[in-house]
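The values are calculated or read from the model by the stated rules, or taken from the named source; none is laboratory data. A quick note: this is a predicted structure, and the numbers were derived from the prediction, not measured. Here the Cβ is made from the backbone with ideal geometry for all residues, glycine too, and neighbour counts use every protein chain on show.
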């Protein structure tokens, strides 16, 4: 059973919003938790740890965090404490926009290390790169509002109990809105016939069986699904060997409403049927944008 989620990542990426979502899921949620207190705190509540769900935001606001998290997280692993590190990130331009809207000061600027917000963001991303690599799950919040991020947290954590399983995150997106920049792999399905040009299908989205049946009526769709599964069969052992707990795959069409959405649903069915050791999560990043 999952007991502890450490929420971390770049400043301005939505950690406070994520923490509120965990609180709504019944987690004990604490912001800006000092890394030095983690082991003593878990020891203090050890008798009830198996029955307690905890979400802690830990980041560079704690001056000891970057120096001490590797030792402390490795100690948790050695003690076999079930925990997961959730890393939130966003593109630099998005973070700048969010800071300009809120008029808050970046943590690295508070320490008078940097006068430029851009420099502070770039340096923080460099400092957090090892932690990002260590993390179990990465969520790019660049295209999410607060409600969408909350929904994303619910999608991953509402019913999840076994975090030994590797997560395959399939993201349906539209190329006109940009590529998911944290994706491990990106597949372009714009070569498939576009339901957008059929009036009776245009008003639907890819979750509709009519859209799926339309795409499945073409041989190239079946060939893509088969070749995708061949690719997964090839690369998956390498990721598992590296100890990765997440794999992010983008499936893109023009607007992110029809083909990409239908394809991630069809792919999920195939992956689940072929790999019992995987958990597949879907995101429809741009499905509402072309309505």
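Tabulated data
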| quantity | calculated |
| --- | --- |
| Qualifying residue in region 42-63 (condition: touching a helix residue (DSSP H, G or I) at 6+ places or on another chain (Cβ under 9 Å), in a loop (DSSP other than H, G, I, E, B), surrounded by fewer than 13 Cβ atoms within 10 Å (Cβ to Cβ) and free of Cβ contacts under 8 Å to residues at least 12 places away in the same chain) | no |
| Spans of strands (runs of 3 or more DSSP E) in region 101-189 with at least 2 residues outside the structural domain of residue 87 (by TED's automatic domain parsing) and crowded, with 17+ Cβ neighbours inside 10 Å | 166-174 |
| Of all residues making up region 77-98, the number that are free of Cβ contacts under 8 Å to residues at least 24 places away in the same chain and closer than 18 Å to residue 136 by Cα | 4 |
| Any hit, region 239-253, residues being part of a helix (DSSP H, G or I), over 23 Å from residue 153 (Cα atoms) and in contact with a helix residue (DSSP H, G or I) (Cβ under 6 Å, 6 or more places away or on another chain) | no |
| Residue within region 217-226 that is outside any helix (DSSP H, G or I), farther than 18 Å from residue 186 by Cα and out of contact with any strand residue (DSSP E or B) (no Cβ under 6 Å at 6 or more places or on another chain) present | yes |
| Close pairs (8 angstrom Cβ cut-off, 6 or more residues apart or separate chains): in the same structural domain as residue 277 (by TED's automatic domain parsing) and without any contact (Cβ under 8 Å) to a residue 24 or more places away in the chain in region 241-255, assigned to a loop (DSSP other than H, G, I, E, B) and buried (at least 19 other Cβ atoms within 10 Å of the Cβ) anywhere | none |
| Filter result for residue 93 (surrounded by fewer than 17 Cβ atoms within 10 Å (Cβ to Cβ) and on the phi < 0 side of the Ramachandran plot) | yes |
| Test: residue in region 212-232 that is exposed (fewer than 15 other Cβ atoms within 10 Å of the Cβ) and within 28 Å of residue 86 (Cα to Cα) | yes |
| Number of the condition not met by residue 207 [criteria: (1) over 19 Å from the mean Cα position of the chain (by Cα); (2) loosely packed, with under 15 Cβ neighbours inside 10 Å; (3) not in a helix (DSSP H, G or I)] | (2) |
| Residues (part of a loop (DSSP other than H, G, I, E, B) and out of contact with any strand residue (DSSP E or B) (no Cβ under 6 Å at 6 or more places or on another chain)) located in region 255-279 | 257, 258, 275, 276, 277 |
| Counted residues, region 75-100 - those being closer than 30 Å to residue 43 by Cα and assigned to a helix (DSSP H, G or I) | 4 |
